[in-house]
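The values are calculated or read from the model by the stated rules, or taken from the named source; none is laboratory data. This structure is a prediction, so every number in the text was calculated from the model and none was measured. Cβ coordinates were reconstructed from backbone atoms using ideal geometry, including for glycine residues, and neighbour counts include every protein chain displayed. These accessible areas exclude ligands, DNA and RNA; they are computed on the full protein's heavy atoms, side chains included. Shrake-Rupley method; radii C 1.70, N 1.55, O 1.52, S 1.80 Å.
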Amino acid sequence: MPAKGKHRRPKSSPLTRRFVAAGTGGAALALPMIGATAAEAAPSAVPATAHSVAAAAAAAPSAALAAKAGPVTYTVVSGDSLSGIARDQGVSGGWKKLYEDNREAVGADPSLIRPGLKLTIGAKATAQRAAAPERADRSAERKAVPAVAKATTYPDNLDGWIREALDVMAEHGIPGTYEGIHRNIMRESSGNPFAINNWDINAVNGTPSKGLLQVIAPTFEAYHVPGTATDPYDPVANITAACNYAADRYGSIDNVNGPY
């Protein structure tokens, strides 16, 4: 409904028109009209004031909640993962958002988080959370963690011995394949790590061939691979020493197809 302000001329009732036409004092008859105008204008001012108060009252709780809202610090415990933390803490965007916000603290690999690491949930972590010495420490720890994570348990059988030997050989740049090693082992010892040849020329000379790949003592000592056992009957030590020797003489154990 249009407001009846002073800029809109209200319709006069017949009674009002008669009062105006008959008035001789002017001021006395004008008072009721001034009062009515003021009374009509007042209601429009009151709702405006009430609205402002109501708006302010409604805004107050929101402002209070906003003031209380803020990031939460979570300390990683053993067995935690970013996906599990994101799920339990209700992180919008999941583990990717949690990792993005804490990339500096976590490092390059989101799957590697250590117990005691502090993650910021609900806001991006600030750069000042980690001082330079702490970053250096974390970097060193992250380099150490993959080495532990890569540690492999090998079965105590021919398959496990060959696979472990291949990993050791890879670390030392010694060539050879699973097939080449397995083929020569089956010919030399049939897979028996305690096999020994007591009848050939080496045995006559006092240096019998021993182990999976029938290595004589002088060859084992000359081509022993650091980090492996010093016992020629040890399967991994025997394989790696024999492969080291074969690589030096034949280019690779793969090139050996008979007595060597």
Counting only residues that are open to solvent by less than 40 Å² (accessible area, probe 1.4 Å) and under 13 Å from ALA246 (Cβ atoms), the range 169-211 contains a total of 7
Restricting the first residue to the range 103-124 and requiring it to be modelled with pLDDT of 85 or more and basic (Lys, Arg), which pairs with a second residue that is open to solvent by 40 Å² or more (accessible area, probe 1.4 Å) and part of a strand (DSSP E or B) meet a Cβ separation below 8 Å and a spacing of at least six or different chains?
-> LYS118/THR73; LYS118/TYR74; LYS118/THR75
Unique match (being out of contact with any helix residue (DSSP H, G or I) (no Cβ under 6 Å at 6 or more places or on another chain), of a type in the set (Gly, Ala, Ser), at pLDDT 85 or above and surrounded by 13 or more Cβ atoms within 10 Å (Cβ to Cβ)) among SER92, SER81 | SER81
Scanning the range 215-228 residue by residue, those assigned to a loop (DSSP other than H, G, I, E, B), out of contact with any strand residue (DSSP E or B) (no Cβ under 6 Å at 6 or more places or on another chain) and surrounded by 14 or more Cβ atoms within 10 Å (Cβ to Cβ) turn out to be HIS224, VAL225, THR228
Could you tell me whether any residue of the range 168-188 is farther than 18 Å from ASP254 by Cβ and assigned to a helix (DSSP H, G or I)?
-> yes
